[in-house]
Amino acid sequence: MHPIVVVFERKVGESLKEFRSFLADFKTVSSLTLKASVLAPFVNLWARIGPPPTTLVAVLASVTEIIILTAVFQACHHLSVSRIARAMKIAALLFFATASVSFALNQSFVVLGGKNQQRIITGFKVRANVVELIRKSQYRSTMDAFHDANDDPEQVWTSESTLCMQIVLPLLWIASFGFLAAYLALFVSAERKRQAS
């Protein structure tokens, strides 16, 4: 086996071993924090503040967090505390940016509809025929047209704009949890390096 491959396998093995030992530690606050962050997306099943489909988005956000936690732990194994601190600032900034945009878009493009008052993602471009009906005062607003169309967003907004929002909203939500996981993993890595030195 080539010497570079041997060194790489050893470094990967060491960082994964450190990650596993960290996850096995239930006594430290930082370990509990990371575990709670992976479960955080599931709070949306109850709170309903994220985009629909709620269960799928929660599962994807948690899986994304686990992948990011593992990758960040592995990447931080050889980084200095100062470089980790810079990466933490970037991760925190990206978390707040994506969470803010995600929250604002959810407030604007997710409405209640259907028999069960389920959460439905709307589009951003109203169909031409609906605009004409609103102009003729047949409907007072797009929401009146939406409810009259049996709460079918594609009857009021263009299918392209609806599909776009159905992709963008969950991706932003998942990305915000990914950046949160990155920040927490970086924080824990920095703390572990400080304690080791």
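Table for the structure above
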item: Tally, over the range 144-197, of residues that are under 22 Å from the mean Cα position of the chain (by Cα) and either over 22 Å from residue 54 (Cβ atoms) or not in a helix (DSSP H, G or I) (or both); result: 8
item: Residue 138 vs. criteria of a type outside the set (Lys, Arg) and out of contact with any helix residue (DSSP H, G or I) (no Cβ under 7 Å at 6 or more places or on another chain); result: yes
item: Only one of 163, 169 that is at pLDDT 95 or above and surrounded by fewer than 17 Cβ atoms within 10 Å (Cβ to Cβ); result: 163
item: Check on residue 95, modelled with pLDDT of 90 or more and farther than 29 Å from residue 188 by Cβ; result: no
item: Residue match in the range 107-117 (condition: part of a helix (DSSP H, G or I), at pLDDT 95 or above and surrounded by 15 or more Cβ atoms within 10 Å (Cβ to Cβ)); result: yes
item: Pair list, Cβ under 6 Å, 6 or more apart: the range 93-117 residue within 13 Å of residue 51 (Cβ to Cβ), other residue assigned to a strand (DSSP E or B) and not aliphatic (A, V, I, L, M); result: 110/119
item: Any hit, the range 131-141, residues being surrounded by fewer than 12 Cβ atoms within 10 Å (Cβ to Cβ), without any contact (Cβ under 8 Å) to a residue 24 or more places away in the chain and either assigned to a strand (DSSP E or B) or among the hydrophobic types (A, V, I, L, M, F, W, C) (or both); result: no
item: Some residue of the range 89-98 being of a type outside the set (Asp, Glu) and not in a helix (DSSP H, G or I); result: no
item: Pairs where the first residue, in the range 169-190, is on the phi > 0 side of the Ramachandran plot and the second is surrounded by fewer than 23 Cβ atoms within 10 Å (Cβ to Cβ) and in a helix (DSSP H, G or I), C-beta under 8 Å, 6+ apart; result: none
item: Matching residues in the range 118-130 - criterion: being assigned to a loop (DSSP other than H, G, I, E, B) and buried (at least 18 other Cβ atoms within 10 Å of the Cβ); result: 122, 123, 127
item: Subset of the range 63-87 (residues that are surrounded by 19 or more Cβ atoms within 10 Å (Cβ to Cβ) and modelled with pLDDT of 85 or more); result: 65, 68, 69, 72, 84, 87
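The values are calculated or read from the model by the stated rules, or taken from the named source; none is laboratory data. Being a predicted model, the structure only gives us computed values, none of them experimental. FYI the Cβ positions are ideal-geometry reconstructions off the backbone, even for glycines, and counts take in every protein chain you see.
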